[in-house]
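Structure first, then comments.
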Amino acid sequence: MADEARGVPELPKAERMKVPRHPMATQEPLERIRNFEEVALGYPPEFALEEAQRCLQCANPPCVKGCPVGIDIPAFVQLIREGDFTGSLAKIKETNTLPAICGRVCPQEEQCEVVCVLGKKYKPVAIGRLERFVADWERRLGLSSTPQLAPPSGHTVAVVGSGPAGLACAAELARFGHKVTIFEALHKPGGVLVYGIPQFRLPKEIVTFEIDNLGTMGVEMRTDFVIGKTATVHELMNGHGYDAVFLGTGAGLPYFLGIPGENYIGVLSANEFLTRVNLMKAYNFPRTDTPVRTGRRVAVVGSGNVAMDCLRVAKRLGAEEVICVYRRTRNESPARREELEHAEEEAIDFRWLSAPVAILGNNEGFVTGVRIQRMELGEPDASGRRRPVPIEGSEYEIPIDTIVIAIGQGPNPLATKSTPGLELNRHGNIVVDEATMMTSIPGVFAGGDIVTGAATVILAMGAGKQAALGIHAWLDRLAKGEVAKPAPPPATG
Amino acid sequence: MFRVLSREEIAPKFHRFIVHAPEVARKHRPGQFVMVLPSETGERIPLTIAASDPEAGTITLVVQEVGKTTMAMGLMSAGDAFRSVVGPLGTPTHIERFGTVVCVGGGAGIAPMLPIAGGLRKAGNRVLSILGGRTQELVILRAEMEAVSDEIVYTTDDGSFGRKGLVTHALADLVAEKGKPELVVAIGPAIMMKAVAEMTRPLAIRTLASLNSIMVDGTGMCGACRISVDGKTKFVCVDGPEFDAHQVDFDLLIKRLRMYLPEEQVAREAFLASHECQALRGVANG
């Protein structure tokens with residue numbers, strides 16, 4: 001039972017509904033646009049206890065089905081109410097190894113919270129905030145709990161990519177007793193959690209803490225190792241002797257618009273802009289050596305979560321005017337509502353129904369402006385959203401110093417192109433068996449954005465976890481001699 | 001961490017590092033590069049591999065001091081370590097028996113030329129090298145290049161060594177005297193590679209250039225290194241670093257290399273201010 005806090009009583013169901021959903025404190029907009037500290041501040045224990053009291057403890061809880069990794073949500077919420085925060089976290093960790101991260105960046109409003117029974121009449125239980133609360137509680141107390149590990153299986157697995165898919169897969173495999181090595185191309189592990197999501201939305205200390213937990217589970221981390229260059233997938237299985245490989249290389253290839261002027265200086269992909277700032281800490285330049293420049297006016301093209309991150313980073317770097325250029329309206333924006341609202345509070349200038357048609361520059365090659373065409377919404381397109389249609393003669397120009405292209409990312413081909421026999425779809429994503437997550441090469445599995453295209457942290461984690469089950473089953477069959485590792489491909493060149 | 005086994009100043013502001021990086025050494029092919037992060041707070045810079053020794057597990061890098069990062073590297077010594085060395089990156093040079101190949105190297109570009117010239121020679125090509133620099137001592141790696149070249153011509157801007165003038169003058173004379181080679185490989189400052197491309201274009205001599213652009217990750221993730229080749233956007237880090245020099249928009253490359261000049265200045269001055277030693281004052285004034 002709990003020693004860290006006293007629980008609160010279980011209320012009658014009718015009473016539970018009357019407890020209002022607790023808001024989470026945030027840094028004031030005018031304050032936070034001058035720093036890179038976390039915006040959302042989390043619940044204090046009393047809020048967490050009261051929020052936990054609201055849960056109806058449904059016998060057949062829809063929230064669990066809404067969670068891509070199937071966390072036993074009523075159980076962990078109940079443990080919070082009882083004051084057993086450590087027990088609550090252990091309950092989450094039975095299914096999710098990265099709770100401090102998921103509690104912050106999961107779109108709960110589309111997953112667990114949207115189906116919460118309480119939400120039909122009142123507001124749903126703040127499941128994400130509670131998950132974050134118990135994870136933060138543990139970290140602040142300097143505790144770290146590692147789940148029970150099965151005895152060593154004698155099998156070794158190479159996990160390629162240390163983003164959400166790879167981390168989740170590695171954690172699950174370690175629990176099964178397999179020896180896991182994660183290979184990461186960059187010098188710090190975490191993938192998009194480190195290079196992509198900014199400090200003010202996901203502090204890097206949290207990512208480090210969660211990854212260190214994997215280390216205590218026996219997972220080995222090899223940074224500065226590019227699969228496809230430093231070694232190929234086939235070399236991992238043959239020369240390096242791994243029994244299976246998981247590819248979780250993500251969506252690391254930036255898309256550009258394909259409009260004139262895109263190679264002017266000051267036109268950056270969202271990946272470059274965010275990597276300079278988040279991974280390389282360019283906001284500390286010249287105390288750190290990697291620079292980034294915004295100038296006075298920054299435009300960001302796109303309106304997804306990555307675009308919101310770019311807009312808010314630009315604001316924090318000191319840009320006076322930060323403009324979001326998006327060809328549809330706020331309703332079609334793929335960003336989380338919370339992210340949109342935070343950006344709006346930070347005085348981002350949203351130009352809806354605006355499509356960039358050309359980037360303008362000067363003789364020295366620097367960007368000077370962007371030409372925008374106004375759009376209107378027409379008939380729904382394949383995505384079900386109303387298609388933006390250009391309005392003739394509506395073009396206008398805005399002066400800018402920097403423009404960041406945040407219209408999505410594709411699969412990075414370094415690992416896939418160097419792996420003969422690996423089946424890809426026409427977009428370059430890896431084709432897998434939906435049940436086992438195995439690719440066209442026996443013993444090679446894949447999951448996350450490299451399979452689905454750019455999606456969310458939690459979906460990638462779910463895929464990594466599912467692949468771990470597929471790998472575990474395959475290793476079992478390998479041990480029994482029912483399957484065999486693929487032979488190395490014939491040498492070429 | 002990647003241990004520095006030795007650092008040697010082979011010419012003023014040119015440093016040769018032998019670095020322990022066994023995985024990179026094992027896979028290295030001519031034309032490939034590594035991304036080096038010297039320290040935790042440093043920046044990631046691309047450096048073409050000048051040599052590799054798979055048995056010893058080492059690679060050789062030649063670094064010219066141009067900004068804060070490379071100046072700080074010049075102060076490192078054996079026993080120090082780089083925070084990160086990742087590679088080998090980029091597409092290796094396509095090497096086959098072409099016939100006669102002219103290798104044109106300028107300044108720091110001589111170092112990456114070394115394994116390419118060596119590879120071409122080993123494949124049975126007649127390798128004619130033209131190496132240039134501002135002055136005699138800046139024409140680096142002469143003995144190493146002589147060992148992999150059938151013939152070699154040196155040029156210096158000030159005439160202190162070899163013939164006075166630019167590498168393009170020597171190339172024009174060489175072509176006039178010996179006929180058209182099957183291939184020219186040019187590595188050096190962008191302006192030099194552009195001049196070589198302009199010279200060989202009317203003669204229809206196939207010409208490759210190895211480009212040096214600003215990079216962050218070096219694996220195709222950020223697009224900082226993008227250039228225009230035959231009107232199409234390419235990433236130097238994964239599509240290159242070598243391209244058909246006649247198709248490269250060198251003017252764009254030269255402009256894009258200037259992107260962070262003001263910041264480079266700030267970093268250099270802050271670095272010099274914090275290192276009050278005599279040697280560095282010499283660098284600042286030189």
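The values are calculated or read from the model by the stated rules, or taken from the named source; none is laboratory data. Just so you know, these numbers come straight off a predicted model, no measurement behind them. Cβ sites come from the backbone with ideal geometry, for glycine too, and all protein chains shown count toward neighbours. Areas reflect the complete protein model, heavy atoms only, side chains present, ligands, DNA and RNA absent. Shrake-Rupley method; radii C 1.70, N 1.55, O 1.52, S 1.80 Å.
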- Query: Under a point-charge model restricted to the Cβ atoms of Lys and Arg (+1) and Asp and Glu (-1), what is the dipole moment magnitude of chain A relative to its Cα centre, in debye to the nearest 20?
  - Reply: 280
- Message: What percentages make up the Cα-Cα pair-distance distribution of region A:375-493 when the bins are 5 Å wide from 0?
- Response: 2, 9, 13, 14, 14, 12, 10, 8, 6, 5, 4, 2, 1, 0
- Message: I need the fraction of alpha carbon pairs in chain A separated by more than 32 Å, rounded to a whole percent.
- Response: 46
- Message: Just checking the output field for A:283-289: average partner chain Cβ neighbours within 10 Å of each residue's Cβ?
- Response: 6
- Query: Is there a pair in A:Lys179/A:Lys485; B:Lys232/B:Lys255; A:Lys123/A:Lys204 whose C-alpha atoms are over 25 Å apart, and which pairs would that be?
  - Reply: A:Lys123/A:Lys204
- Message: Given the -39500 (n - 2.57) contribution per DSSP H run of 4+ residues, what per-residue ellipticity at 222 nm results for chain A, rounded to the nearest 500 deg cm²/dmol?
- Response: -8500 deg cm²/dmol
- With contacts defined as alpha carbon pairs under 8 Å and 6 or more residues apart, what's the relative contact order of chain A in percent? 15
- Task: Using the Cα centre as the reference, give the magnitude of the dipole from point charges on the C-beta atoms of region A:1-115 (Lys, Arg: +1; Asp, Glu: -1; all else neutral), rounded to the nearest 20 debye.
- Result: 280
- Query: Hey, what's the per residue convex hull volume over the C-alpha atoms of region A:206-285, in cubic angstrom?
  - Reply: 156
- Treat region B:100-257 as a sphere of radius equal to its Kirkwood radius over Cα pairs and apply Stokes-Einstein at 4 °C in a medium of 1.567 mPa s; give the translational diffusion coefficient in µm²/s, rounded to a whole number. 82
- Query: Taking a point 7 angstrom from the Cα of B:Phe98 along the C-beta vector, which residues in region B:145-164 have backbone N less than 16 Å away?
  - Reply: B:149-151
- Query: Over region B:100-257, what relative contact order in percent results from Cα pairs under 8 Å that are six or more residues apart?
  - Reply: 19
- Message: Taking the Cα centroid of region B:1-68 and of region B:114-187, what is the distance between the two, rounded to the nearest whole Å?
- Response: 23
- Task: Return the loop-located GluC sites (Glu not before Pro) in region B:5-109 (DSSP other than H, G, I, E, B) with at most 14 other Cβ atoms within 10 Å of their own Cβ; answer none if there are none.
- Result: B:Glu40, B:Glu55, B:Glu96
- Task: With N denoting the number of residues in region B:1-51, provide Rg(C-alpha) divided by 2.2 N^0.38 Å, to two decimal places.
- Result: 1.18
- With a probe of 1.4 Å, find how much accessible area the protein assembly as shown has per residue, and write the answer as a whole number in Å². 40
- Task: With a 1.4 Å probe on protein heavy atoms only, work out how much accessible surface B and A bury together, total over both chains, in Å² to the nearest 100.
- Result: 3700
- Which GluC sites (Glu not before Pro) in region A:2-79 pass both tests, a DSSP loop state and at most 15 other beta-carbon atoms within 10 Å? A:Glu4, A:Glu10, A:Glu37
- Message: Let's test the formula: R0 of 30 Å, r as the Cβ-Cβ distance of A:Lys120 and A:Glu423. What FRET efficiency results, to the nearest 0.05?
- Response: 0.10
- Amide H to amide H under 5 Å from B:Ser6: which residues, 5+ apart in sequence or cross-chain, H placed 1.01 Å off N in plane? B:Ile18
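On average, how many beta carbons from a partner chain sit within 10 Å of the beta carbon of a residue in A:326-338?
Average per residue, whole number: 0.
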- Which of the peptides A:363-374, A:267-278 is most tightly packed, and how do the rest follow, going by the mean number of other Cβ atoms within 10 Å of each residue? A:267-278, A:363-374
- Report in % the part of the accessible area of the protein assembly as shown that belongs to carbon and sulfur, leaving out ligands and nucleic acids; probe 1.4 Å. 53
- Task: For A:Lys229, list the aspartates and glutamates whose Cα falls under 13 Å from its own Cα; do not include residues on the same chain fewer than 8 positions away.
- Result: A:Glu184, B:Glu23
- Task: Quick one: what are the phi-derived ³J(HN,Hα) couplings along region A:55-64, Karplus 6.51/-1.76/1.60 with θ = phi - 60°, whole Hz, x for glycine and proline?
- Result: 4, 7, 6, 4, 5, 10, x, x, 4, 5
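So if the hydrodynamic radius of region A:1-136 is defined as the Kirkwood radius over C-alpha pairs, what does Stokes-Einstein give as its diffusion coefficient at 20 °C and 1.002 mPa s, in µm² per second? Before the final figure, lay out the partial values.
On the way: Rh = 15.1 Å.
Roughly 142 µm²/s, to the nearest whole number.
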- Query: By DSSP, what percent of the beta bridges with both residues in the protein assembly as shown are antiparallel, rounded to the nearest 5?
  - Reply: 50
